[in-house]
1. Could you list, in sequence order, all residues of the range 561-576 that are under 32 Å from the mean Cα position of the chain (by Cα) and either open to solvent by 80 Å² or more (accessible area, probe 1.4 Å) or under 16 Å from residue 305 (Cα atoms) (or both)?
2. Show me the helices (runs of 4 or more DSSP H) entirely contained within the range 116-224 in which 1 or more residues are at pLDDT below 80, of a type outside the set (Phe, Trp, Tyr) and open to solvent by less than 70 Å² (accessible area, probe 1.4 Å).
3. Across the range 605-634, what is the number of residues that are within 12 Å of residue 595 (Cα to Cα) and surrounded by fewer than 12 Cβ atoms within 10 Å (Cβ to Cβ)?
4. What is the number of the single condition among (1) part of a helix (DSSP H, G or I); (2) free of Cβ contacts under 8 Å to residues at least 60 places away in the same chain that residue 603 does not meet?
5. Sort through 87, 80 and tell me the only one that's part of a helix (DSSP H, G or I), modelled with pLDDT of 80 or more and more than 30 Å from residue 180 (Cα to Cα).
6. Can you tell me which of (1) at pLDDT below 70; (2) part of a helix (DSSP H, G or I); (3) loosely packed, with under 10 Cβ neighbours inside 10 Å is the one residue 467 doesn't meet?
7. Just name the residue that is farthest from the chain's Cα centre (by Cα) out of those in the range 14-44 that are crowded, with 17+ Cβ neighbours inside 10 Å, at pLDDT 60 or above and not basic (Lys, Arg).
8. Considering only residues of the range 70-115 that are farther than 22 Å from residue 134 by Cα and of a type in the set (A, V, I, L, M), which is surrounded by the most Cβ atoms within 10 Å (Cβ to Cβ)?
Amino acid sequence: EPRICGSPSFLPCGLVRDPRFAHTSSGAMAAQLKEIVDRLNAGPFFCDLSLVGFDEKDAFELMEVLKKVLMVLDSKHDVDLREEKPDAMYQRIAEFMHILGYQCSFDIEFQQGLLQGDKYTVHPMLYWLLSNLEQLKKRAYLAKFCLNLDVPEEFLREEKVYEIFQTYKELQSQFKATHAHVEQERQGRMIPTDLQLEVQQLDSEREQLAQKIQHLKQRSERDQGFQVLLEVTSMLRKEQEQEAMLAEKLAEQRYQLEQTEQLYIEKSAKLREMREAAQADGEGNADAMLRMLRSEVTKGRQQMERIKRDNEEKMHKLREIDSALSDPPVTKNDIDQLEEDIVAMQGEVQNLASTISEHNQDSRLAVYKQQANLVAKKKEVVFKDKKQLEEQRDVLAKDLSQKEREYEQMKGHKFMNRDEFKNYAASLRDKSAKFKRLKMELSELRHEGSVLLRTEQLLHVKDPTPEGLRDTEEALEKASIDKSQIDKAKGVTLDEISGIVGKINTQLKEKKNKLAPQIKMLRSVRQNFQQVEVKYLEKKSSYDQAKSTMDGELAKLAGEVKGLDNEVMEAEQSFHELNMQISTLDSRLTRVQREARCMRKEETFSPEFQTLQDQYQKHIASLDEQCKDLRKEQKTVKESHEDTLKQKMAFVQLEKLMQIKLKVSKQELMNSQYGGGMPTRTMMDHSPGVERLVIE
């Protein structure tokens, strides 16, 4: 009987024999199979499978399906399963699933199930992969660049290797920052139609600003002190910008100084501890090592407590969301009540609009009032945005100060690393640029509103009859004549419609007289129905009440059971971890005690060495000598490389020459045996003491 263990998405991750889950395994497996088949039949797989056909697939076919799903995430899984070795296949799939975050034990049972193509192992993997396909695509892509390489410390002692490793780390941090910026840009990009509308609006505003600038230039030409005022304001703006840049640089240098001081303090404390441990002798050395280990254990415990607090906060938020979701749903009566309130509000709005229109009878000021209303609306929108941004800024500042105090209480003063500080500085620059832009827009809108308000006042004083008023009056007279003609036509049509309505009313009266007895029967039936409905609602309310109580008790019991299971699992995990730590510390303690006895010369570490330190020093010295010998050999090889290469080329040419000589000798021998034919020219000179080959 299979037992399905949980994963981060509450999905099955393996098969374990356990009778506790026998009553739920069949339904869960059926739902999994249906979900897997549906997703495999959709894009980008298009497998055209049925539920029965997928369930009857053998082990090799199941592994082919798993390979097809993994190929969508990474092309390196495009291999032939018939030619690949089982160990290599397990290593490839298990490593990739571990990188993706698949929660499983990856033990011997899982390995055997994967190699044998067991459906109780492969089906949960397929279900998890297909359910989170889009998220896993992104994770698989990022894993290629963000996965850390474990380089042994002995290799990092080489300067070139260390430089390459540091370059790799810097490139990795640059990739993370670039990817985060790209994701932010993708989320914040706008729709092309909105951009087009915004461009049109900006073009119109640009034309208006150009007109205003031209008007201001014409007005300022008469003013003699305007040029001096303009120069002073431009110099003031430049000084303000320079002051802001200097303030940013000062803040950046302060952050760098604090970071450097914190790093200096940490390194000094570590150096002091190492010196104290080195100066101590005998049992003191072991005590120093134990103190260091205990400090590491306390740090780990503090981190674990912090993680637990974060987990509790998240669980509290989750419970709040569950309580919000468990609130009673909105009924039809509530919706009807809200609709009635909306209708009443709309009536009040119409009444207020009619009263406003009665007060604003002067049509000559309609154009200027419209412009003033537009400017006022823009001003209100800008003020609202400003107020919201200020509230958000205050809330974020309070949260930031609170988090910084908590962080300082836990781990001391906060210091950012180099990459975090670069990102923080970039975000500050973006925010400052955005603030300046919004501030300029606000000042322009305020200036525009003041100009329009002053224009309206001047027009009221100077010209009570604006241009175009006579044309408007003529158009209104024409419209009134047309309206009278249309009203006459409407009167004729209304008479015809009233006659038709009278005919319809007579027909309705006749049909009502015919339907009168049936309506009486319907009333009696309705009364019976109301009585039955009352009984039904009473029974239904009692049933719903009983069901809600039972559901609440069941949910409470299920939550308690789940909480107890989690506590048991956490207790077992902590027990095993503590046992492992105790055993590791015991082995280290025995090793330290033996080393202390060896240093006190109470016993010897081995027949050759007094202490383990002597053995390590001897081994390090031999490795240093070996490195020196290898460097000498490398130098010799580099110096003699060109001469050796020339000698090799000479031997290669000599080999080709000897092959040609052998070929010519065989040809002459064959010609001398058979005779006849064309006379051959002697290519070899066999004079005494001479062996020469002539080539033409």
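The values are calculated or read from the model by the stated rules, or taken from the named source; none is laboratory data. Just so it is clear, the model here is predicted, and its values are computed rather than measured. Cβ atoms come from the backbone with ideal geometry, glycine included; neighbour counts cover every protein chain shown. What goes into the accessible areas is simple: the full protein's heavy atoms, side chains included, and nothing from ligands, DNA or RNA. Shrake-Rupley method; radii C 1.70, N 1.55, O 1.52, S 1.80 Å.
1. Hits for the range 561-576 are 562, 567, 569, 570, 573, 574.
2. It comes to 133-146, 153-156, 159-188, 192-221.
3. Kept after step one, since they are within 12 Å of residue 595 (Cα to Cα), are these residues of the range 605-634: 605-606, 609-615.
Going one step further and asking which of them are surrounded by fewer than 12 Cβ atoms within 10 Å (Cβ to Cβ), we end up with 606.
Counting residues in the range 605-634 that are within 12 Å of residue 595 (Cα to Cα) and surrounded by fewer than 12 Cβ atoms within 10 Å (Cβ to Cβ) gives 1.
4. (1)
5. Just one listed residue meets the conditions, 87.
6. (2)
7. Only one residue fits best here, namely 29.
8. 114
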